[in-house]
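For reference, the structure discussed in these notes is given below.
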Amino acid sequence: MAETVQSVDRAAPARSRRARGAKAPGPKTGAAAPEAAPPAADAGTLVGYYRQMLLIRRFEERAARAYTEAKIGGYCHLNLGEEATVVGLMAALRPTDYLFTNYREHGYALAKGIGAERVMAELYGRSTGVSKGWGGSMHLFDAEARLLGGYGIVGGQVPLAAGAALAVSYKGGDEVVMCQMGDGTTAIGAFHESLNIAALWNLPVVFVVINNGLGMGTTVENSAAEPELYRRGAAYRTESLRVDGTDVLAVRDAARTAVERARAESRPYLLETVSPRLKGHSVVDPARYRSKEEKEALKAADPLARMALDLADAGILSADDRDRLDAEVTAEIDAAAAFADESPVPEVSTLFDYTYATPVPGELRRLPADPVFGS
């Protein structure tokens, strides 16, 4: 359905510089993809995207606070600064499409439609969480929403996503698998093996590299001989594109192209979004490797603040409307935190309940203090 009610053209200038693509169906690769005219977006859609981005921002800010209060254990990685990328990618998927992510996945769970209460409860390690309290921040999972993990091992999700795409293809389904990863993942063997097999076997999978410019504290330029990571698709004759990850419409449109090509042609696609994170690698990283000038530049490029300004300039979202949305979202996050606080911790007896999808004969369920050969 065409979006024609009320539109904003702020994405148009960014589109002229934001996308670089390579089509690779045959032996020659690297040809520039033609620029498409930027489609309009109706006011309701734009405000909806802004609200989702705001929800992710306030959720992550509350998670950071809860971590300092020792309510969240283990590691905790936030999507602060990546909200436009998260929302744009999820807007391109159907509810039946599958999603695999790395450990920086809170925002993806929210944008996939999982309630903030269940996500926050999982961060708190409570039985009402999406993984029953046993997964924590890095291992969100919801089969009904088709979010098939959060993975703590760098690149661990990439071969699994290829496998899920093989299952879709084998069954003759029309679902697409999206596999999100960080820029550092493109240097490991599993990334290249998965792209290779996906191209050989014509799998409906979209590999998405979230390039925030840093692999922990090392810049992409200092760790990758080819820092334009989307170009790596050319080695596997896989079409690829690089997009401005701070522009929610640019990400949505690029992701739609990738997803629908994978769906229609059963071919893989490599999408790179350039999405600087506003904070350190994890909650405990003070990001001292960044200069004052770099921090100021990041602040100026904040996608949430930019979108609020653009919507105001277009007459779509007034200051009062923005304050009202912020109050609504803050109340939702406060309620999620209260729900998590009040939820019970999981019973120790349920520790092994979700190790396997179906019962396995002889499954070991011995706890560390249990005798090896019984009583």
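The values are calculated or read from the model by the stated rules, or taken from the named source; none is laboratory data. Computed from a predicted structure; not experimentally measured. All Cβ positions, glycine included, derive from the backbone under ideal geometry; neighbour counts span all protein chains shown. In case anyone asks, the SASA skips ligands and DNA or RNA and just uses the protein heavy atoms, side chains included. Shrake-Rupley method; radii C 1.70, N 1.55, O 1.52, S 1.80 Å.
The order of Tyr236, Tyr356 by accessible area, most exposed first and with a 1.4 Å probe, is Tyr356, Tyr236. Pairs to check: Lys132/Lys295; Lys112/Lys295; Lys112/Lys292; Lys112/Lys132. Give those whose C-alpha atoms are more than 27 Å from each other in this structure. Long pairs (Cα-Cα over 27 Å): Lys132/Lys295; Lys112/Lys295; Lys112/Lys292. Net charge near Ala287, counting Lys/Arg +1 and Asp/Glu -1 over other residues with Cβ under 14 Å of its Cβ? The answer is +3. Taking Ile153, Ile210 and ordering them by how much accessible surface each has at a 1.4 Å probe, largest first, produces Ile153, Ile210. Using a probe of 1.4 Å, the accessible surface attributed to Lys279 totals some 130 Å² when neighbouring protein chains are kept in position. Each label point was placed 7 Å from the Cα along the Cα-to-Cβ direction; for Leu309 and Tyr289 their separation is 2.8 nm.
Using a probe of 1.4 Å, the accessible surface attributed to Ile188 totals some 50 Å² when neighbouring protein chains are kept in position. Over the heavy atoms of Glu69, what accessible area does a 1.4 Å probe trace out, to the nearest 10 Å²? So the heavy atoms of Glu69 present about 80 Å² to solvent.
Taking max minus min of the alpha-carbon positions on each principal axis, the chain gives extents of 72, 54, 44 Å, largest first. Between Ala190, Ala319, Ala165, the residue with the greatest mean-square fluctuation in the GNM of the chain (Cα pairs under 10 Å linked by springs) is Ala319. From its DSSP helices (H runs of at least four residues, each -39,500 (n - 2.57)), the chain gives a residue-normalised ellipticity at 222 nm of -12500 deg cm²/dmol.
Surface composition of the chain: carbon and sulfur atoms hold 55% of the protein heavy-atom accessible area at a 1.4 Å probe. Ranked from largest to smallest solvent-accessible area, with a 1.4 Å probe on the protein heavy atoms, Arg290, Arg51 come out as Arg51, Arg290.
Heavy-atom accessible area per residue, region 43-344, 1.4 Å probe: how many Å²? Spell out each step's value before the answer.
Numbers: 11720 Å² over 302 residues.
For region 43-344, the solvent-accessible area averages 39 Å² per residue.
Taking other residues whose beta carbon is less than 9 angstrom from the beta carbon of Thr96, and scoring Lys, Arg as +1 and Asp, Glu as -1, yields -1.
Would region 139-216 count as rounded, prolate or oblate if I go by the C-alpha gyration tensor, calling it rounded below 1.5 in a/c and otherwise prolate when a/b exceeds b/c, oblate otherwise? Kindly include the intermediate steps, with their values, before the conclusion.
Details: a/c = 2.23, a/b = 1.33, b/c = 1.68.
Oblate, because a/c is 1.5 or more while a/b does not exceed b/c.
Using 0.36 nm times the number of residues separating Arg256 and Thr68, minus their current alpha carbon distance, what extension gain do you get?
Values: separation 188, 0.36 × 188 = 67.68 nm, distance 3.81 nm.
Fully extending the segment from Arg256 to Thr68 adds 63.9 nm.
In a simple Cβ point-charge model (Lys, Arg +1; Asp, Glu -1; nothing else charged), region 43-344 has a dipole of about 580 debye relative to its Cα centre.
Here the chain carries DSSP beta bridges of which approximately 25% are antiparallel, counting only pairs with both residues inside.
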